[in-house]
Ligand SMILES: [Zn+2]
């Protein structure tokens with residue numbers, strides 16, 4: 001047992017692993033983050049997607065598409081597409097433009113509704129049940145809803 005290689009040593013500087021550690025720290029140290037984790041992650045995903053797609057739309061369109069003159073035009077196209085608004089005053093011509101539009105619509109709408117879903121669903125705390133592993137419980141739950149196991153959800157008693 002003692003001289004087994006440590007599997008984590010190789011990936012210590014792996015950015016994915018660092019993100020994971022960052023999440024662990026935020027979860028432990030910030031009550032605000034713990035209470036809104038899903039919404040914060042969903043919003044982060046959406047913001048990263050919007051700015052990535054704005055960059056791609058601008059880079060691939062601005063030299064031949066008269067409707068996309070500035071990065072703001074690309075941002076406007078991305079946001080109107082992913083909110084399903086789609087005014088239609090800016091379109092991306094050609095097969096590659098249409099494929100890009102389809103990608104923005106499918107991924108963007110998914111991320112957008114994911115954010116709406118976590119913002120509007122009833123608030124629950126994240127606390128894995130020892131017995132069945134159910135993750136989300138009512139904030140004042142004493143017993144697990146799925147298996148009846150006694151829970152011990154930490155409560156700061158602040159509100
Ligand atoms: Zn349970």
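The values are calculated or read from the model by the stated rules, or taken from the named source; none is laboratory data. This one's a predicted model, so the numbers in the text were calculated from it and none came from an experiment. With ideal geometry, Cβ positions are generated from the backbone for all residues, glycine too; neighbour counts draw on all protein chains shown.
Summary of values
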| item | result |
| --- | --- |
| Tally of residues being in a loop (DSSP other than H, G, I, E, B) and surrounded by fewer than 16 Cβ atoms within 10 Å (Cβ to Cβ) across the range 32-78 | 6 |
| Number of positions in the range 79-91 that are part of a helix (DSSP H, G or I) and in contact (Cβ under 8 Å) with a residue 24 or more places away in the chain | 3 |
| Qualifying position, being part of a loop (DSSP other than H, G, I, E, B) and either surrounded by 14 or more Cβ atoms within 10 Å (Cβ to Cβ) or within 16 Å of the ligand (Cβ to nearest atom) (or both), among 155, 130 | 130 |
| Condition met for residue 44 (outside the structural domain of residue 139 (by TED's automatic domain parsing), over 30 Å from residue 153 (Cα atoms) and modelled with pLDDT under 95) | no |
| Filter result (under 22 Å from residue 27 (Cβ atoms) and either within 16 Å of the ligand (Cβ to nearest atom) or at pLDDT below 90 (or both)) within the range 115-127 | 117, 118, 119, 121, 122, 123, 124, 125, 126, 127 |
| Test for residue 99: is it assigned by TED's automatic domain parsing to the domain that holds residue 49, within 27 Å of residue 46 (Cβ to Cβ), modelled with pLDDT of 90 or more and touching a helix residue (DSSP H, G or I) at 6+ places or on another chain (Cβ under 7 Å) | no |
